[in-house]
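The values are calculated or read from the model by the stated rules, or taken from the named source; none is laboratory data. No experiment lies behind these values; they were computed from the predicted model shown. Using ideal geometry, Cβ is built from the backbone for each residue, glycine included, and neighbour counts are taken over all protein chains shown.
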Amino acid sequence: MSIVTDREGIRDILTRYRRIAVVGLSDNPDRPSNDVSAFMQEMGYEIYPVNPLLAGKKVLGRTVYASLADLPVRPEIVNVFRRPVFVSAIADQAIAVGADVLWTQLFIVDNAAAQRASDAGLAVVQNHCLKIEFHKLGLSPVPARAEGGAEEQ
């Protein structure tokens, strides 16, 4: 796909996809990963926490998985809350599981990993916050999906 930097591209991602794997989701409500994920969940997105240190526990009412490969569903967006040094491996995992989008949060940039993911067909957003972009675009909560595949609550 492409490296997405424009508002319309970001709008398309946030209105097209609903299933977000959050790599590095913290169980601490004061951490940005928790705050952003809780907000996106409130807006109707399906959140799948990924954090090997918390695997098997619950965060935001959802089971935490050790890796993207362990998820019970294919993630549409892989939202990264890890330092840039980890993005390369996460990009490879996102490619391997067939994600549609690799999204890195504010100040998280790895241009080589982004290009690799883009070359593999993923849309890539770097250095942007899902919550901030949702607000900037004036988006409304997403409707619930009628299809199955939602994890236990």
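Laid out as a table, the results:
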| item | result |
| --- | --- |
| The listed residue being assigned to a strand (DSSP E or B) and without any contact (Cβ under 8 Å) to a residue 40 or more places away in the chain, out of Pro49, Pro29 | Pro49 |
| Only one of Leu139, Leu122 that is surrounded by fewer than 18 Cβ atoms within 10 Å (Cβ to Cβ) and hydrophobic (A, V, I, L, M, F, W, C) | Leu139 |
| Qualifying residue in the range 2-10 (condition: more than 17 Å from Gln93 (Cα to Cα), touching a strand residue (DSSP E or B) at 6+ places or on another chain (Cβ under 9 Å) and part of a helix (DSSP H, G or I)) | yes |
| Where Arg16 falls short, out of the listed (1) within 20 Å of Leu102 (Cβ to Cβ); (2) surrounded by 16 or more Cβ atoms within 10 Å (Cβ to Cβ); (3) not small (Gly, Ala, Ser) | (2) |
| Unique residue being surrounded by 15 or more Cβ atoms within 10 Å (Cβ to Cβ) and modelled with pLDDT of 95 or more when the list is Val73, Val109, Val78 | Val78 |
